[in-house]
Amino acid sequence: MTSTRQWQAADAAHYLHPFTDFKALAAKGTRIITKGDNIYLWDSEGAKILDAMSGLWCVNVGYGRQELIAAATAQLETLPFYNSFFQTATPPAIELAQLLAEVTPPSFQHVFFANSGSEGNDTIVRMVRRYWDLQGRPERSVIISRRNAYHGSTMAGASLGGMSGMHAQGGLPIPGIVHIEQPFWFEQGKGLSRDEFGIEAAGWLEAKILEVGAAKVAAFIGEPVQGAGGVIVPPATYWPEVQRICERYDILLVSDEVITGFGRTGRWFGCETFGFRPDLMTFAKGVSSGYIPLGGVMVGERVARALIDEGGEFNHGYTYSGHPVACAVALANLRLIQREGLVEKVRDDTGPYLARHFEALAEHPLVGEAQTCGLMGALQLVKDKRSGEAFDKALEVGMVCRGHCFGNGLIMRAVADRMIIAPPLVITRAQIDEMVALIRQCLDLTLADVKRRGWM
């Protein structure tokens, strides 16, 4: 039997991890995850861990679902692969396209398959610019995004995103992509109500459109809730005003639903929760609950009709677009979500229950703000609760808290000093109680650490 040390040694010798300081990780040694069931994981040392991040925002139906395993097995036995080039298709890809058209808002009747959210957002860039080419407006090529947004880590995806650390490497962003500020009330909205701030933050989009020139702007892209940026839940006024601005200047509106899609916010898609009507939607993660990689773009009728009726050949695609095994698993996953009423459960039961528990956590001495949206949540750690004063970034208090989480059987992510969760949609009230008790314990341990080090 392979020991943890043997796994770690082989990992350090050969495996370059994403978003990792390779040298530091090799010195520390990776945690080896060996098993998953429901909302729990086990590592190679036998420790049980509550996964409050659904893997990476994706294992919506939990680990070990036999329905998905059976779907993959049956498809592997029947047709493990065929491509979507050469005027061909496979039944799972066609059936999944049909089902996606059913569960998405009515304006979406067409899908373009990819393998990840990153590839989906690369497709968005190609598709948006092709649309304006077909309108005889090729100069409309600039895409506006937001600071601290995450849209993937490919060249186009990372450029669309607004992560400064990513832009510092590889000559990013690529030309034709610009950014505005994020709608983060806690950071930038002091002195304004949340609703007032929502209107002001949306106004930054109009200002950027006028700065660039409306005749040059192709689209605006945003996550309904900024996920990797720290579960930044925008004010209720934000997205309807963004919609109005996009319509005023005839700009395509893109909703990146990679994290918020398939029930995470208590509706099938985040745009439905926040009341806006995008022209295109990127999806991935929850479409297959992460069991098999799959992503894509839902294409609204305005863009679809131009591509179909006027576009001729669209010179874009991937070897694994519409992969039959991935599509078969996604079909089983979405049918399971429908059968078990998970979207409605998040909306009516577990989402509100989590919100009440996070309101209680807001009373903790370290917490300056607590936010939830469906089964997403964030706790902002602060030095001074009354004033909202932040800790010195160099202290990395969020990472101190994350260390206590990992050491006490909880996966909770740190984005700077903002602690975030997105548990599987199958989580129960009793498991939310368990998760919140672990969070409180880790906050207490972090508070003791901070005081002992003289940081507070």
* To do: Output the residue which, of all residues in region 32-48 that are aliphatic (A, V, I, L, M) and in contact (Cβ under 8 Å) with a residue 40 or more places away in the chain, is farthest from residue 15 (Cα to Cα).
  => 39
* Structure fact -> Scanning region 256-300 for residues that are small (Gly, Ala, Ser) and under 11 Å from the mean Cα position of the chain (by Cα) gives 261, 270, 284, 286
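Can you give me the number of residues within region 419-456 that are of a type in the set (Gly, Ala, Ser) and buried (at least 20 other Cβ atoms within 10 Å of the Cβ)?
Qualifying residue count for the region: 1.
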* **region 72-91, residues that are in a helix (DSSP H, G or I) and under 29 Å from the mean Cα position of the chain (by Cα)** => 72, 73, 75, 76, 91
* Structure fact -> Within region 379-400, of all residues that are among the hydrophobic types (A, V, I, L, M, F, W, C) and assigned to a strand (DSSP E or B), the one farthest from residue 455 (Cα to Cα) is 379
* Could you say whether any residue in region 63-73 is at pLDDT 95 or above, under 30 Å from residue 316 (Cβ atoms), of a type outside the set (A, V, I, L, M, F, W, C) and surrounded by 13 or more Cβ atoms within 10 Å (Cβ to Cβ)? -> no
* Asked: Of the residues in region 150-196, how many are under 30 Å from residue 368 (Cα atoms), in a loop (DSSP other than H, G, I, E, B) and within 20 Å of the chain's Cα centre (by Cα)?
  -> 10
* Asked: Got a sec? Which of 260, 282 is crowded, with 23+ Cβ neighbours inside 10 Å, more than 30 Å from residue 76 (Cβ to Cβ) and polar (S, T, N, Q)?
  -> 260
* in contact (Cβ under 8 Å) with a residue 24 or more places away in the chain, assigned by TED's automatic domain parsing to the domain that holds residue 72 and under 23 Å from the mean Cα position of the chain (by Cα), is that true of residue 334? -> yes
* Give just the number: which of (1) in a loop (DSSP other than H, G, I, E, B); (2) not assigned by TED's automatic domain parsing to the domain that holds residue 335 does residue 7 not satisfy? => (1)
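The values are calculated or read from the model by the stated rules, or taken from the named source; none is laboratory data. In this text, all values refer to a predicted model and were calculated from it rather than measured experimentally. Every residue, glycine among them, receives a Cβ derived from its backbone with ideal geometry; neighbour counts consider all protein chains shown.
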